[in-house]
Structures are given as structure tokens and as C-alpha cells.
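Trainee: Let me begin by handing over the structure; questions about it come next.
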Amino acid sequence: MAKKTEKKLTAWDIVQIARHAERPNITDYIRLMCDDFVELHGDRLFGDDRALIGGFATIGGRKVMLIGHRKGRGVEENIEANFGMANPEGYRKAMRLMRLAEKYSLPVVSFVDTPGAYPGSEAEARGQAEAIAHNLEFMATLKTPIVVVVTGEGGSGGALGIAVGDRILMLQNAVYSVISPEGCASILWRDGSKAPQAAEALKITAESLKKLGIIDAIVPEPTGGAHIDPAATAAAVKKAVLANLDALCAVPLKTLVAQRYEKFSAMGQA
Amino acid sequence: MSWFEKPAEAPARVPTEAIWAVCPSCKVYVAREAWDAADKVCPRCNYHARLSCRERVALLTDAGSFKELNADVSFNDPLSFEDSSGAYADKAKATVAKTGVGESILTGTATIEQIAVVLGVMDFRFLGGSLGSGTGERIRLAAEKAIALKRPLIIASASGGARMHEGIVSLMQMAKTCAAIARVKEAGLPYISILTDPTTGGVSASYAMVGDLNIAEPKALIGFAGRRVIEQTIKQKLPDDFQTAEYTLAHGFVDHIVPRKELKAFLAKVLRYAGY
């Protein structure tokens, strides 16, 4: 796959890169691009979700509130991180931290990398739908800048639950979709093995989403994918985040929130 | 012609469905007339069968008060989507022709016991009530109308979730509708969500769950992930009452379960508490 030139990568190839076991995760980005990180735990209601983490961070001298899905590396860490699939308490923790960010006038930087919100019976009992829904409503009116970076898998509502923002950036080989290609193939093609076709039809790559006007910018990756050179990838992400924070922090908050509303209102208008 | 062959012309017969309705839940046969008189609520098991958007508008509003808004906002096909069974645009056009509604939600102004409201009612017949970009746009415009007219907003949901055929654009309607509802609330106006069978996936995870009041019909399926997906994930069978309206109420996400016959009066009553 890595031997194919970038131009020849299919949507399904890119799905494999986005899910690569060695792809940089939030822990890597914190280590590679933050001068400081103070993790803040818990939603104050139920527990501390290890699949969605957050805290104060300093990026290039700039203080922010960083939140993001957490995938692990290796089996043990991935079990602890629930493979990046958050429960309601993860989304509620994210909301709590964003409220703090608003109070302390810190911009929010949100890293998206999840197969989806966790589909478990306990997650339903604790209100997975309500937790995501309230984040969408809350983020729409949050009075501080929000920069979103889709770094790996942008899995449906579980991704969107922390992905309403003023700027949506996406790594070159990340994907963002309403449903997994496998899920779509098994429903619409009635055959899970048609996932490559579904991946193509769903237009889930950064390039397609840029054309559709869903994302604002593509952050380039090293040839072969982010896992080939995590440090270079993190440097590119840092540069893009800082440039966008500079631009957004210059906008009056009232205008910023109004523009955010207009941005999402325009999506899907004929 | 051998004796065992069927005659070429079958005798004329009245279609069964004109005489009998079958409860989709307990499968009991109910006389069509009685079924319709009971607003499609099963007399045996109390299942509240799905209503079309026009049927529900008639149920909830004062006769003749409903005026549709934005009928010209219809489905979009932003991905030019095609799967093994054909093009999405063709399916959507056929659905518009079959149902007589341009999207999976019908929106308009109406009165409920003389209280002026803006109302949206979803229709499960329209591609499973899925949330398409036209649906999201109609909801946004309804929310803005509610703000302009200073009226409460009421949305009755019936949906399997996001519309896969519109891909990411469908997903973004969750954000867009919630942003519009946030504005209704900021304007100090009531937003009441009615969850009917089914309200799941991306619709439960957006505008359906953020009502000032969330009201459900008895036995409605309400949840985020599908039962089969959860069973595969946790490798256990789920109890029968999982993700019912009653389960959702017991877990604290619904204010009240209201039988269909009482829904209109209930809405009017709570709107009066809200100062209308």
C-alpha cells in the first residue's frame, strides 16, 4: 500500500492508513506538539472515560484546552482506551472541559480519532444519544474558538460529538464518515465485503470532504502515511493548529459564534 | 386444462388490508375501521403504530390550522450516491411521488388548542425517516421561523437516523439542527421533542434528545446504537424492554410517556405552564 504513489490511493487504501496500528494517536501528539499538558479527569457525574481525554495544554507557547479521542497502542492499552470508543461520560467530560475553556478564555483544540461512540448496553442506559446531542447544541454556541483536527477515523456521531467548530482540519489520510464502509456495505449492498465500493461512494477522504465544503483545510502527511514519520506529522498539525488559532482569536466572540452558525447552516443547502 | 391447474382468471376479491389491519407488534387482526378510529393504537397490546406526517398533524393540531412551510425544500444528492440497487436520486424521487412529501419531515405553522406553534413532523415512510440535508434544512428554517414569530417549536421524530446516501452531509445535519435549536432556546422559546416509534441513531443523538421536554409515545423504540450491533459488541442477548420508551423514561431521558389520544391535550397543557 505504502508503495503506491499518493495519487493512486483508493478511498479503501486510505481507510487502512487511517486505522493503521502505528498511526500517531493523541498521546503521541501531546508528546510531540505540546510544551505542557495537565490532564483533567472525570465528568463529575459518573466516571472518567479513558477513551476521550482532555486537559490544559500549551502548544507553541499558546495555552489551550485540548480534548480528543484516545486510541491505545497494543492490546492492553487499547482495551483500557476501549479502542477509542467513548461512553457518555467521555462526551460529558468533554463538555465540562469546554465549559471551563469558555470560562478561562482558552480556545478549544479537539482531536478526532474514533471508530464511533461505544455501542454498549451500559452506554445506552447512561444516555449515549443525549450526551452527544447536548454536545452538538453546546458547541454550536460556545463562546471561545474551537479548532477541530480529524487525525484518524472520524466515526459518525461519536466523532461529531466533539467536532463542531470554527475550523475543521483533516489529516491527508484521515477519514470522516456517517457510517463505516463495512456497515454501509452490509446495509446497502447487503454484503460487508463490498466495503471498498462503499468507501468510494461515501466520499470519506479529506480530498472529497474538502470539495464538499465540509472541512476547511487538509494537513499533509509524509508519503506512505503519518506513521512513517510521526514527528513530521505532529509538526504539520501544530503549524496548522497555531495558524488557525491566530486567525480565530482575532475575531470578536460574537462574530465568531455567528459565523459558526452560518458555517453549519450552509452544509447541505442546495 | 388439467383439473389441478388454477383457472386463468382469479375471482375478484377485496384486498384483506381494506378490511383488516394487522398490529405490527402483536400481529392481532383488528377491523380496519376500529384501527383507524383508535389512531392506529392496538387495542390488544397498546402498540402505537407509525403514523404518516399528515395523520400526525391532524392528530396534534386544530383542524385546518396547519400551514406548510418550505415545501420547496426537498432532498439533495450531494454525493451523487449509487449503491448496488441503483441511484439514490431515483429512490428519493420515487419516495416523494409515493408519500406526497418532499422530505422526511413536514414543517409548518399551526395552532394546538389555540396556541400558535411551529411544528415539524417526521414521516417514517420517507426512506425510514432518515435525516437528509433537506430534513435538516427544513428544521433549521422551522427553528428560525419560531424565533421570528416568537412561538414554541415542536418536533415529532420518527427516524432510523442519518441518511447514509448523503454521507457526511447527512451527519452534519445533526450539528446544524442542534445549532438552530440552541438559538430557539437562547431566544427563551420552548422546544418540545416528541419521540415516536422509532427514534434512533443520529436523530436521537441530535434534535430529538434535547427538548426542554422530551415526550415519548408508549413502547416507542428509542436509542442510539442498533440492538444487533450492541448484542454483537457485548456478546449477550438484550432484554425485550431494552430501548423502549419505558426504559428510556426509567433511565431519566424522557419526561413523560403520553398515549396518542392524550398527546394534543398534553402539549397544550405544558405550553400553558410555559406561559402560552
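Readers should treat all values here as calculations from the given coordinates under stated rules, not as data from a laboratory. Just so it is clear, the model here is predicted, and its values are computed rather than measured. Cβ coordinates were reconstructed from backbone atoms using ideal geometry, including for glycine residues, and neighbour counts include every protein chain displayed.
Trainee: Within the stretch A:73-90, whose backbone N sits under 17 Å from a point 7 Å along Cα→Cβ of B:Gln232?
Mentor: Flagged as within label range: A:85.
Trainee: Per DSSP helix of 4 or more residues, -39500 (n - 2.57); summed, then divided by the residues of chain A. What does that give at 222 nm, rounded to the nearest 500?
Mentor: One gets -12000 deg cm²/dmol as the mean residue ellipticity at 222 nm.
Trainee: Right, another one. Tally the DSSP beta bridges in the stretch B:143-276 and give the antiparallel ones as a percent, rounded to 5.
Mentor: 5
Trainee: Can you find, among B:Ala49, B:Ala92, B:Pro78, the residue sitting farthest towards the positive end of the charge dipole of chain B, where Lys and Arg contribute +1 and Asp and Glu -1 at Cβ?
Mentor: Of the candidates, B:Ala49 comes out farthest on the positive side.
Trainee: Using +1 on the beta carbon of Lys and Arg, -1 on that of Asp and Glu, and nothing else charged, what's the dipole of the stretch B:50-273 about the Cα centre, debye to 20?
Mentor: In debye, rounded to 20, the stretch B:50-273 gives about 280.
Trainee: What distance in nm separates the simple spin-label points at A:Ser105 and A:Lys210, each placed 7 Å from Cα in the Cβ direction?
Mentor: Output for this residue pair reads 3.5 nm.
Trainee: Compute a Gaussian network model of chain A, connecting alpha carbons closer than 10 Å, and tell me which residue from A:Phe83, A:Phe138, A:Phe56 fluctuates the most.
Mentor: A:Phe138
Trainee: While we're on this one: Around B:Glu113, what is the net charge, scoring Lys/Arg as +1 and Asp/Glu as -1 over all other residues with Cβ under 11 Å from its Cβ?
Mentor: +2
Trainee: Once you list every other residue whose beta carbon is under 13 Å from the beta carbon of B:Ile192, what net charge do they have if Lys and Arg are +1 and Asp and Glu are -1?
Mentor: So the environment of B:Ile192 carries a net charge of +3.
Trainee: Considering only DSSP beta bridges whose two residues both sit in chain B, what percent are antiparallel, to the nearest 5?
Mentor: That works out to approximately 45 percent antiparallel.
Trainee: Taking chain B as a Gaussian network, where each spring joins two C-alpha atoms under 10 Å apart, which residue of B:Ala225, B:Ala216, B:Ala110 fluctuates the most?
Mentor: B:Ala225
Trainee: Still on this structure: Over the stretch B:50-273, calculate the relative contact order: mean separation of alpha carbon pairs under 8 Å at least 6 apart, over the residue count, as a percent.
Mentor: Normalised by residue count, the contact order of the stretch B:50-273 is 17 percent.
Trainee: If you add up the charges near A:Leu209, with Lys and Arg at +1 and Asp and Glu at -1, over every other residue whose beta carbon is less than 11 angstrom from its beta carbon, what do you get?
Mentor: Computed value for this residue: +1.
Trainee: Taking 7 Å along the Cα-to-C-beta vector as the label spot, tell me the B:Tyr29-A:Asp229 distance in nanometres, rounded to one decimal.
Mentor: Between B:Tyr29 and A:Asp229, the simple spin-label model gives 7.5 nm.
Trainee: Right, another one. Going by a ≥ b ≥ c, the root eigenvalues of the Cα gyration tensor, does chain A fall in the rounded group (a/c under 1.5), the prolate group (a/b larger than b/c) or the oblate group?
Mentor: It comes out rounded by the Cα gyration axes.
Trainee: How large is log10 I(q)/I(0) at q = 0.11, 0.12, 0.17, 0.27 Å⁻¹ when the Debye formula is applied to the Cα atoms of the stretch A:8-84, each weighted equally and without solvent?
Mentor: -0.36, -0.42, -0.76, -1.21
Trainee: Okay, moving on. Are any of the pairs B:Lys67/B:Lys269; A:Lys194/B:Lys237; A:Lys254/B:Lys185; A:Lys239/A:Lys263; A:Lys211/B:Lys145 more than 20 Å apart by Cα-Cα distance, and if so, which?
Mentor: B:Lys67/B:Lys269; A:Lys194/B:Lys237; A:Lys239/A:Lys263; A:Lys211/B:Lys145
Trainee: Further question on the same structure: Multiply the residue separation of A:Arg44 and A:Ala243 by 0.36 nm, subtract the distance between their alpha-carbon atoms, and state the gained length in nm to one decimal.
Mentor: 68.3 nm
Trainee: Another question, if that's okay. So how far apart, in nm, are the two label points at A:Ala217 and A:Ala21 if each is 7 Å from Cα heading toward Cβ?
Mentor: About 3.4 nm, to one decimal.
Trainee: Indicate, rounded to the nearest 5 percent, the antiparallel portion of the DSSP beta bridges found entirely in the protein assembly as shown.
Mentor: If we restrict to bridges inside the protein assembly as shown, about 45 percent are antiparallel.
Trainee: Filter the trypsin sites (Lys or Arg not before Pro) in the stretch B:200-276 down to the DSSP loop ones having no more than 13 other Cβ atoms within 10 Å, then list what survives.
Mentor: B:Lys235, B:Lys237
Trainee: Now a separate question. Of the candidates A:Gly224, A:Gly90, A:Gly158, which one comes out as most mobile in a Gaussian network treatment of chain A with C-alpha springs shorter than 10 Å?
Mentor: Checking each option, the largest mean-square fluctuation is seen for A:Gly224.
Trainee: Only four residue types carry charge here, +1 at the Cβ of Lys and Arg and -1 at the Cβ of Asp and Glu. Report the dipole size of the protein assembly as shown about the Cα centre in Debye, rounded to the nearest 20.
Mentor: 640
Trainee: Let me ask you something else. In deg cm²/dmol, rounded to 500, what helix-only [θ] at 222 nm does chain B give when every DSSP H run of at least 4 residues adds -39500 (n - 2.57) and the total is split over its residues?
Mentor: It comes out at -10000 deg cm²/dmol, rounded to the nearest 500.
Trainee: Follow-up. Distance between Cα centroids, the stretch B:100-157 to the stretch B:255-276: provide it in whole Å.
Mentor: Between the Cα centres of the stretch B:100-157 and the stretch B:255-276 lies a distance of 18 Å.
Trainee: Related question: Please arrange B:Asp62, B:Asp197 by counting, for each residue, the other beta carbons lying within 10 Å of its beta carbon, fewest first.
Mentor: Final ranking by Cβ density, sparse to dense: B:Asp62, B:Asp197.
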